[in-house]
Amino acid sequence: MQRGDRLIPRARALVGASVATTLAACTGGPEFPQTTFHPVTDYGEALNRVFANTFWWTMLILTLVCVLVLVTILRFRERPDTPHPKQIHGNTKLELMWTIAPALIVVLMGIPTVQTIFATQRRPAEDALTIEVIGHQWWWEFRYPELNVITANQFYVPVGREVHLRMHSADVIHSFWIPRLGGKRDVNPLPRTAEGERQRYNHILFTATEPGLYSGQCAEFCGDSHGIMAVTAVAVEPAEFDAWVASMQVTPPAPPAAADTAAGQAPAQAQTARPLAPDTVGPPLIGSPQQLQQALAGMQPSGDGGTARLVLEGQRLFTSRACIACHAVAGTTAQGRVGPDLTRFGARPTVGAGALPNTQENVERWIRNPQAVKAGAKMPGARVGGGGMPPTNLTDSEVRAIAAYLLSLR
Ligand code: CUA
């Protein structure tokens, strides 16, 4: 048996193994929610077309080069009793070919690439839905300026309508990336200059084509907890989107009667409540039989009986303690803007922007000691401060009630 005859089965085995491992990367089921191969927006599709075009050209070149190298190796290898092959140097025709062909391929890759850059950087449509995306260490804020809605870490978009993400950062550079919506984009701080604030927004335009829940994460190293800066987009049919908007615009409660407050004035936080669209009347956040039913269904039974009572106690604590200095819940007097908006917090999949699944136990853990869950988190814990703030000094039963209240906000 000659050496060359043994080489061929080995080469076959090697090629087989390479193909098998390569194909293993091509699955894209629910176990890989952050795949780039199954885009659900026009933007993602456009990027994939450019990617596919470049990919197949390079595959063609790779195949051609590999075949030529293999043929040369096999055909001109040294064997006993064979004369040296004819030695040649220089071939004008060949050299012209391998200069012109690659130049042509570069043009064929370049034209669709430039076209896609201009298409995806176009001006937003007149009726596009603008969402302001603000990166924070380490969570995402979403503001819908036309709809008077603010949310955090999970945002909704309507299917079939152009969405315009206008993005910037409140601190360092982050990068917004939900792979199934399309490419990632840096989120930069707005630098202050002598003339004031320069408008250094980055933009993404897309129209979602398929309802679903699409997850992503920060894609630019941004400090201690960069790895815990997850984001979810929920694409829904327009009617469902309108319902979500209405549920996020809960009318704030009437200011307390003069007799209720010491100085005969409404509390400061009620005065700073953000204005709400005049014609939207959402369901009350808590207190309706339906809300309490949901609260009961979504929580583990509490030791002291009566989850509803726990929820109401939680609301009382939340709106009277340190929480409202930083957090807002639409429809309540909590209107802090330093931390994430917690309106409908219970409907979010995670607590701490992907730090933990959103369960009673985990929310308690978070409120007790956020830094133990997420290094560098600015929120103060019950016993340990954070972000230069003193500890909240909440007791374990108070923490439990606040967690129950937050989870009831669905
Ligand atoms: Cu934000 Cu990494």
Using only the Cα atoms of segment 56-200, what are the Rg and Dmax in Å?
27.0, 86
Along segment 133-139, what does the Karplus equation 6.51 cos²θ - 1.76 cosθ + 1.60 (θ = phi - 60°) give for ³J(HN,Hα), rounded to whole Hz, x for Gly and Pro?
10, 10, x, 10, 7, 9, 7
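Dividing the Cα convex hull volume of segment 125-223 by residue count, how many Å³ per residue is that?
Cα convex hull per residue, to the nearest whole number: 104 Å³.
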Ordering of 368-381, 117-130, 11-24, 388-401 by burial proxy (mean other Cβ atoms within 10 Å per residue, highest first)
368-381, 388-401, 117-130, 11-24
Listed highest first by mean packing, meaning other Cβ atoms within 10 Å per residue, what order do 75-87, 328-340 come in?
328-340, 75-87
Just to check I understand the Karplus step: with θ = phi - 60° and J = 6.51 cos²θ - 1.76 cosθ + 1.60, what whole-Hz values come out for segment 67-81, glycine and proline as x?
4, 4, 5, 4, 4, 4, 4, 6, 6, 10, 5, 7, 10, x, 6
Please list the radius of gyration and Dmax for segment 37-83, considering alpha-carbon atoms only, with Å as the unit.
19.6, 64
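Bear in mind that the values in this text are calculations on the coordinates, not laboratory data. As the structure is a computational prediction, the values presented were derived from the model and not from experiment. Neighbour counts are summed over all protein chains in view; Cβ atoms, including those assigned to glycine, are modelled from backbone coordinates with ideal geometry.
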